[in-house]
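Here's the structure we're looking at; comments come further down.
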Amino acid sequence: MPKLVVVDHPLVQHKLALMRRKETPTAEFRQLVKEIALLLGYEICRDLPLEEVEVETPLERTTVRMLSGKKLCLVSVLRAGNGLLEGMLDLIPSARVGHIGLYRDPETLQPVEYYYKVPSDIAERQVILVDPMLATANSAVAAVHKVKASGATDIKYACLLAAPEGVEKFQAAHPDVPIFTAALDRALNDHGYIMPGLGDAGDRIYGTR
Ligand code: PRP
Ligand code: URA
């Protein structure tokens, strides 16, 4: 079964509620995206493998556990993905970063690609793809196809809000990629916006409308 994780931690839900309010100003919205990304990242990284290593504390030698296994690569879907990226990088500062430039054509709701750059060793890394909104899922499905074409096999997808229609389409296209979201909203409206949603994520992060 494809995995859908709704991160219902009280702090996540509180921050998301503040972000949904239309009067929340740009600076506060941007700060909240960053904070929520950190909390989502914490949940996404829950199953990272650990290995035992020896360290010397100021008092004695002991065995501790540290991260092992594959290194991480965060991939941001421009431009709104960069809001989430910032918070996740605070949590995992040594992660490599890729960017996929996509915008959604307002008429067709199909993604238009304008940029693509990912680390050359992405095939050896665990990929966390970040984009705040999973609406029709056309952008997310295309973004995952791109990283798979570059060799990535171990991929997780993180967003703030998902629509049921988007989840269904995404899971049909990429059943191997778990979705982590802060909320599963009611439905899409006639323009492909998530309801009740939070509006246009890119515009709200960057104050462009
Ligand atoms: C938004 C969002 C997703 C996409 C989701 O980006 O950040 O990438 O829409 O919609 P979908 O699931 O229907 O494809 P947008 O196209 O507005 O571009 P922007 O990030 O540059 O504002
Ligand atoms: N993109 C957004 O930014 N918001 C939506 O509700 C849908 C797509």
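Candidates Gly192, Gly166, Gly202: the one that is over 22 Å from Glu43 (Cα atoms), in a helix (DSSP H, G or I), near ligand 1 (Cβ under 8 Å from one of its atoms) and not β-branched (Val, Ile, Thr) is Gly202. The residues of segment 152-163 that are surrounded by fewer than 24 Cβ atoms within 10 Å (Cβ to Cβ) and within 13 Å of ligand 1 (Cβ to nearest atom) amount to a single one, Leu161. Pairing residues of segment 96-117 that are within 30 Å of Lys71 (Cα to Cα) and more than 8 Å from ligand 1 (Cβ to nearest atom) with residues that are part of a loop (DSSP other than H, G, I, E, B) and not hydroxyl-bearing (Ser, Thr, Tyr), at Cβ distances under 7 Å and at least 6 apart in sequence or on separate chains, gives Arg96/Pro119; Gly98/Val118; Gly98/Pro119; Val112/Asp105.
Considering only segment 169-194, state which residues are out of contact with any Leu (no Cβ under 7 Å at 6 or more places or on another chain), touching a residue at least 12 places away in the same chain (Cβ under 8 Å) and not basic (Lys, Arg). Passing the criteria: Gln171, Ala173, His174, Pro175, Asp176, Val177, Pro178, Leu184, Ala187, Leu188, His191, Tyr193. From the list Ala137, Ala201, Ala182, Ala123, the one residue that fits, being crowded, with 23+ Cβ neighbours inside 10 Å and out of contact with any strand residue (DSSP E or B) (no Cβ under 7 Å at 6 or more places or on another chain), is Ala137.
Could you list, in sequence order, the residues of segment 115-139 that are outside any loop (DSSP other than H, G, I, E, B) and either within 26 Å of Leu39 (Cβ to Cβ) or of a type in the set (A, V, I, L, M) (or both)? Once the filter is applied, which keeps residues that are outside any loop (DSSP other than H, G, I, E, B) and either within 26 Å of Leu39 (Cβ to Cβ) or of a type in the set (A, V, I, L, M) (or both), segment 115-139 yields Ile122, Ala123, Arg125, Gln126, Val127, Ile128, Leu129, Val130, Met133, Leu134, Ser139. Just one of the numbered conditions (1) within 16 Å of ligand 2 (Cβ to nearest atom); (2) more than 24 Å from Lys3 (Cβ to Cβ); (3) of a type in the set (S, T, N, Q) is not true of Ser94; which one? So the condition that Ser94 fails would be (1). Among residues of segment 7-29 being of a type in the set (Lys, Arg) and under 16 Å from Thr181 (Cα atoms), the one that is surrounded by the most Cβ atoms within 10 Å (Cβ to Cβ) is Lys15.
Kindly list the number of the only condition in (1) out of contact with any Gly (no Cβ under 7 Å at 6 or more places or on another chain); (2) within 11 Å of ligand 2 (Cβ to nearest atom); (3) farther than 24 Å from Val97 by Cα that fails for Asp185. If we test Asp185 against (1) out of contact with any Gly (no Cβ under 7 Å at 6 or more places or on another chain); (2) within 11 Å of ligand 2 (Cβ to nearest atom); (3) farther than 24 Å from Val97 by Cα, just (1) comes out false.
Values in this text are rule-based calculations from the coordinates and carry no lab data. Small disclaimer: the values here were computed from a predicted structure and weren't measured. Heads up, the Cβs are rebuilt from the backbone with ideal geometry, glycines too, and the neighbour counts pull from every protein chain shown.
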